[in-house]
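Below: the structure, in structure tokens.
The values are calculated or read from the model by the stated rules, or taken from the named source; none is laboratory data. Please read all numbers here as calculations on a predicted model, not as lab measurements. No Cβ is skipped: glycine too gets one built from the backbone with ideal geometry, and neighbour counts run over all protein chains shown. Just the protein is used for accessible areas: all its heavy atoms, side chains included, with ligands, DNA and RNA removed. Shrake-Rupley method; radii C 1.70, N 1.55, O 1.52, S 1.80 Å.
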Amino acid sequence: MVKYDAEDLRFAGVVENKVFIGPRNVALHITNACNLNCVYCCYHSNHNKAYWPKNKIELSFDRYRAVLDDCRNLKVSNVQLYGIGEPTMNVYISDMITYAKKNQFSVRLLTNGVFGEQLLPYVAMADEVCVNMSASNRDLYRLIHSQNAEDYFRIATDNLSYLCSIKTKKKLRVPFVKVNFVINSLNYKNLLEMFILAKKLKVDFLNIIVVNTTDFTKFLYPSAKMWKEIDSICLKMLKDRILYSVGNSIIMNYRRHKKAFSDRKEVNDSKACYLGWYHAYINLQGDVSPCCMINNYAPLIAGNIYDDKFADIWRSGVFSRIRARGKDGFFNKRLDACDHCCNSGLNQEPCDKLRRLDA
């Protein structure tokens, strides 16, 4: 009898328009509380106060456990813990990470790195820790992330240093430590300094992301003159081989696209979206959709974990119809959010497999 692995079954679902197994990834927003006010944040920036969460909401451990139990039965591989704020501010974060690892899930934690040292042993259990830090020094950190008098830059860098060093001391491969540096009009001149800091801290990967602005934060998008400066900085770092000092997105873009920054559409050139077979996103209200970029669009919400079991939502006719719409190109045609897709790399995988089938 032929045995198929999980990835074979997911791709078979794409081909047959069926579901044979759960998604590879399940991402959960677990809190809207945050200890920073990052200038470019859609929810907590001082420039976007109208969008600040009115009341603290967090996912309970019991509800989280019920979702993960379904995920285990559906053969989900990865659990991703996010927030419309800082995930480590959920009071159950240590239990959440522990339960996920106990049940053999790979855990990805997105954090700002500003949390108490009592959480470090639990954060270090994650397979990937992705730290949002867009400043290379204390003064810039206060300008971009927080005007609080407390030295959050020191806390974040100390925590990063611990996470990177514990792996070396114990000769472990995890956690994979990634830093997200959101490049904008306030910090682009510090790009070289950020590479130096990343090398000093021994992070595994420095991900340089172009800021995604709102009506309130358009001033953060670099001007044409700034982009010329950025290109010059990147080319000099390439010439001086600084780009080879730490894994980073810029060197990857140079290799693939011959430039420092690539457009989302260059990463994924397909009109079709197959995330409905590979990814599920659960927001703080409990709504389930294939992607965080479209979770506010009611027709693409498959159900709610406060009304139904996650497994039932995943297998439902509603989710099947959403998958079909994505495959037919509806998302790409109708939704501007798809131009900024953060899962375009994941979507490219089934696209490439389908091309090989047709060849």
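Report the equivalent ellipsoid semi-axes for the range 76-217 in whole Å, largest first, defined as the square roots of five times the eigenvalues of the gyration tensor built from alpha carbon atoms.
After diagonalising the Cα gyration tensor, the semi-axes are 25, 17, 15 Å.
Given the -39500 (n - 2.57) contribution per DSSP H run of 4+ residues, what per-residue ellipticity at 222 nm results for the chain, rounded to the nearest 500 deg cm²/dmol? Spell out each step's value before the answer.
Numbers: 15 runs with 143 residues, N = 359.
That calculation yields -11500 deg cm²/dmol at 222 nm.
With N set to the residue count of the range 174-239, report its C-alpha Rg divided by 2.2 N^0.38 Å to two decimal places.
1.21
Quick one: pull the percent of accessible area on the chain belonging to carbon and sulfur, 1.4 Å probe, ligands and nucleic acids left out.
Reported share for carbon and sulfur atoms: 51 percent.
Given just the C-alpha atoms of the range 197-291, how large is their convex hull per residue in cubic angstrom? Write out the running numbers ahead of the final one.
On the way: hull volume 17.2 nm³, N = 95.
Taking only Cα atoms, the range 197-291 has a hull volume of 182 Å³ per residue.
Once Lys and Arg get +1 and Asp and Glu get -1 on their Cβ, which of VAL26, CYS342, ILE230 lies farthest toward the positive end of the dipole of the chain?
Result: ILE230, furthest along the dipole toward the positive end.
Does anyone have the angle between helix 224-239 and the longest principal axis of the chain? Alpha-carbon axes, 0 to 90°, nearest 10?
For helix 224-239, the angle is close to 90 degrees.
Mind putting a number on the dipole of the chain about its Cα centre? Charges go on the C-beta only, +1 for Lys and Arg and -1 for Asp and Glu, and I need it in Debye to the nearest 20.
940
Can you bin every Cα-Cα distance in the range 1-75 into 5 Å intervals starting at zero and give me the percent of pairs per bin, rounded to whole numbers?
3, 13, 15, 13, 11, 10, 11, 11, 8, 2, 1, 0, 0
Based on the inverse mean of 1/r over its pairs of different Cα atoms, what is the Kirkwood hydrodynamic radius of the chain, in Å?
Kirkwood radius, the chain: 21.5 Å.
To the nearest 10 degrees, how steep is helix 6-16 against the longest Cα principal axis of the chain, on a 0 to 90 scale?
60
When only DSSP loop residues count, what trypsin sites (Lys or Arg not before Pro) in the range 116-191 have their Cβ near at most 12 other Cβ atoms within 10 Å?
Answer by residue number: LYS170, LYS171, ARG173.
About its Cα centre, what dipole magnitude does the range 1-125 give when the only charges are +1 on Lys and Arg Cβ and -1 on Asp and Glu Cβ, stated in debye to the nearest 20?
It comes to approximately 120 debye.
Taking the dipole about the Cα centre of the chain, with the C-beta of Lys and Arg at +1 and of Asp and Glu at -1, give me whichever of THR217, PRO175, PHE61 is farthest to the positive side.
Farthest towards the positive end: PRO175.
With an 8 Å cut-off on Cα pairs and a minimum separation of 6 or more residues, tell me the relative contact order of the chain in percent.
Relative contact order for the chain comes out at 16 percent.
How big is the range 49-158 in terms of Cα radius of gyration and Dmax, in angstroms?
Every Cα atom of the range 49-158 included, Rg and Dmax give 15.5, 48 Å.
Can you give the angle from 0 to 90° between the axis of helix 152-169 and the longest principal axis of the chain, with both taken from C-alpha atoms, to the nearest 10?
Between helix and principal axis, roughly 70 degrees.
Roughly how compact is the range 140-186, stated as its Cα Rg over 2.2 N^0.38 Å to two decimals?
It is 1.43.
Please turn the phi angles of the range 76-83 into ³J(HN,Hα) values with the Karplus equation 6.51 cos²θ - 1.76 cosθ + 1.60 (θ = phi - 60°), one per residue in order, whole Hz, x for glycine and proline.
Rounded to whole hertz, the list is 5, 8, 10, 10, 10, 9, 10, x.
Please state the charge dipole magnitude for the range 4-58, taken about the Cα centre, from unit charges on C-beta atoms (+1 on K and R, -1 on D and E), reported in debye and rounded to the nearest 20.
So the magnitude is around 440 debye.
Set Lys and Arg Cβ to +1 and Asp and Glu Cβ to -1, take the dipole of the chain about its Cα centre, and tell me which of MET96, ILE242, ALA272 lies farthest positive.
The residue sitting most towards the positive pole is ILE242.
Give me the accessible area per residue for the chain, probe 1.4 Å, as a whole number in Å².
Accessible surface, normalised per residue, equals 50 Å².
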